[in-house]
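Below you'll find the structure, written out as structure tokens, and then a few comments.
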Amino acid sequence: MIPADALLRALCNGHVDFVLVGGVAATIHGSSRLTQDLDIVYARTPENMARLVESLRPHHPYLRGAPPGLPFQWDVATIQRGLNFTVTTDIGDITLLGEIIGGGGFENLLPDTIQVDLFGLKCRSLSLQRLIEVKRAAGRPRDLDSIAELEAILDGRSKR
Amino acid sequence: MESRTESPVPIDPVIEAYKKDVDRTLIRQNLRLTPEERLLKLDRLRLFAEELRRAGGRLPR
């Protein structure tokens with residue numbers, strides 16, 4: 001079993017600045033939809049990228065779906081050269097996003113986050129409204145069901 | 001709970017059409033849980049889905 005908290009614990013214990021987005025953020029807001037991986041937007045400062053690299057290094061990160069044996073180096077230079085990475089680790093799959101469509105990077109998203117206590121950890125998740133906005137901006141047909149559910153949750157809040 | 005004042009999300013007729021099929025009983029159930037409990041429930045669902053995939057893979061073809 002892959003405990004939900006393992007990746008969060010690795011990131012928080014490593015003092016990585018990140019915001020939860022995607023399906024896990026939707027779950028935090030009450031979504032019933034199944035998601036398979038953890039999506040985060042990480043801060044692109046050199047210090048934070050170094051913390052991100054060190055926090056996941058013990059869990060053997062590798063490009064998800066890539067054939068084994070590629071000369072993939074898990075280091076700050078690799079993170080700096082790229083932006084978004086779909087990664088598999090011993091403790092679960094994680095998508096590392098430097099920026100998201102309609103939302104920008106970590107600093108842009110920060111004002112629209114909430115703090116949630118998860119497994120004794122303080123994590124930041126994208127607010128429900130911002131999550132809807134970025135999913136709308138992404139314009140992916142597969143998100144339509146998810147957006148509808150999130151908007152139903154938001155409608156329910158405004159009626160309370 | 002939210003960190004800024006929320007303005008209404010603009011109405012999108014396509015999403016409104018999808019909203020008709022949203023199962024609000026599942027939402028209500030989830031909203032009774034804490035965020036941590038929601039993630040634990042998600043984990044149980046993931047395990048269930050994995051087991052279903054394994055079982056499907058064992059079926060004769």
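Can you spot a residue in the stretch A:123-131 that is over 19 Å from A:R9 (Cβ atoms) and surrounded by fewer than 15 Cβ atoms within 10 Å (Cβ to Cβ)? Outline the logic, then answer.
Initial filter on the stretch A:123-131 (over 19 Å from A:R9 (Cβ atoms)): A:126-131.
If we keep only those that are surrounded by fewer than 15 Cβ atoms within 10 Å (Cβ to Cβ) as well, we get none.
Looking through the stretch A:123-131, none of the residues is over 19 Å from A:R9 (Cβ atoms) and surrounded by fewer than 15 Cβ atoms within 10 Å (Cβ to Cβ).
What number of residues within the stretch A:69-84 satisfy the criterion of being hydrophobic (A, V, I, L, M, F, W, C), out of contact with any helix residue (DSSP H, G or I) (no Cβ under 7 Å at 6 or more places or on another chain) and either assigned to a loop (DSSP other than H, G, I, E, B) or under 22 Å from A:A6 (Cβ atoms) (or both)? Explain how you work it out, then say what you get.
Quick first cut of the stretch A:69-84, residues hydrophobic (A, V, I, L, M, F, W, C) only: A:70, A:72, A:74, A:76-77, A:79, A:83.
Next, only the ones that are out of contact with any helix residue (DSSP H, G or I) (no Cβ under 7 Å at 6 or more places or on another chain) stay: A:70, A:72, A:77, A:83.
Remaining after also requiring either assigned to a loop (DSSP other than H, G, I, E, B) or under 22 Å from A:A6 (Cβ atoms) (or both): A:70, A:72, A:83.
Residues that pass the stated criteria total 3.
Name the single residue, out of those in the stretch A:31-69 being hydroxyl-bearing (S, T, Y) and either within 14 Å of chain B (Cβ to nearest Cβ) or surrounded by fewer than 14 Cβ atoms within 10 Å (Cβ to Cβ) (or both), that is nearest to A:I100 (Cα to Cα).
Filtering the stretch A:31-69 for residues hydroxyl-bearing (S, T, Y) gives A:31-32, A:35, A:42, A:45, A:55, A:62.
Pick out the ones that are also either within 14 Å of chain B (Cβ to nearest Cβ) or surrounded by fewer than 14 Cβ atoms within 10 Å (Cβ to Cβ) (or both) and you get A:31-32, A:35, A:45.
On the way: A:S31: 20, A:S32: 23, A:T35: 18, A:T45: 16 Å.
My answer is A:T45.
From A:L8, A:L97, grab the single residue that is touching a residue at least 60 places away in the same chain (Cβ under 8 Å) and touching a Cys at 6+ places or on another chain (Cβ under 9 Å). Steps first, answer last, please.
Values: A:L97 fails: touching a Cys at 6+ places or on another chain (Cβ under 9 Å).
Result of the check over A:L8, A:L97: A:L8.
Just a yes or no: is a residue in the stretch A:133-148 surrounded by 20 or more Cβ atoms within 10 Å (Cβ to Cβ) and either in contact with a Leu (Cβ under 6 Å, 6 or more places away or on another chain) or touching a residue at least 60 places away in the same chain (Cβ under 8 Å) (or both)?
Looking through the stretch A:133-148, at least one residue is surrounded by 20 or more Cβ atoms within 10 Å (Cβ to Cβ) and either in contact with a Leu (Cβ under 6 Å, 6 or more places away or on another chain) or touching a residue at least 60 places away in the same chain (Cβ under 8 Å) (or both).
Being surrounded by 15 or more Cβ atoms within 10 Å (Cβ to Cβ) and among the hydrophobic types (A, V, I, L, M, F, W, C) is the requirement here; does A:I101 meet it? If you could, list the steps in order and put the result at the bottom.
Details: surrounded by 15 or more Cβ atoms within 10 Å (Cβ to Cβ): no; among the hydrophobic types (A, V, I, L, M, F, W, C): yes.
It is false that A:I101 is surrounded by 15 or more Cβ atoms within 10 Å (Cβ to Cβ) and among the hydrophobic types (A, V, I, L, M, F, W, C).
If A:D90 satisfies all but one of (1) under 14 Å from the mean Cα position of the chain (by Cα); (2) in contact (Cβ under 8 Å) with a residue 12 or more places away in the chain, what's the number of the condition it fails?
Only one criterion in (1) under 14 Å from the mean Cα position of the chain (by Cα); (2) in contact (Cβ under 8 Å) with a residue 12 or more places away in the chain is unmet by A:D90, namely (1).
For the stretch A:89-99, what are the residues that are part of a strand (DSSP E or B) and out of contact with any strand residue (DSSP E or B) (no Cβ under 6 Å at 6 or more places or on another chain)? I'd like the intermediate steps shown before the answer.
First, the residues of the stretch A:89-99 that are part of a strand (DSSP E or B): A:89, A:92-97.
Residues satisfying the conditions are A:T89, A:G92, A:D93.
Please name all residue pairs, on different chains or six or more residues apart, with Cβ atoms under 9 Å, provided the first residue is in the stretch A:100-116 and is away from chain B (no Cβ under 14 Å) and the second residue is aliphatic (A, V, I, L, M) and exposed (fewer than 15 other Cβ atoms within 10 Å of the Cβ).
A:I100/A:A137; A:I100/A:A138; A:I101/A:A137; A:I101/A:A138
Rule-based calculations on the coordinates, nothing more; no lab input. Quick caveat: nothing in here was measured; it's all calculated off a predicted structure. Every residue, glycine as well, gets a Cβ built from its backbone with ideal geometry; the counts of neighbours run over all protein chains shown.
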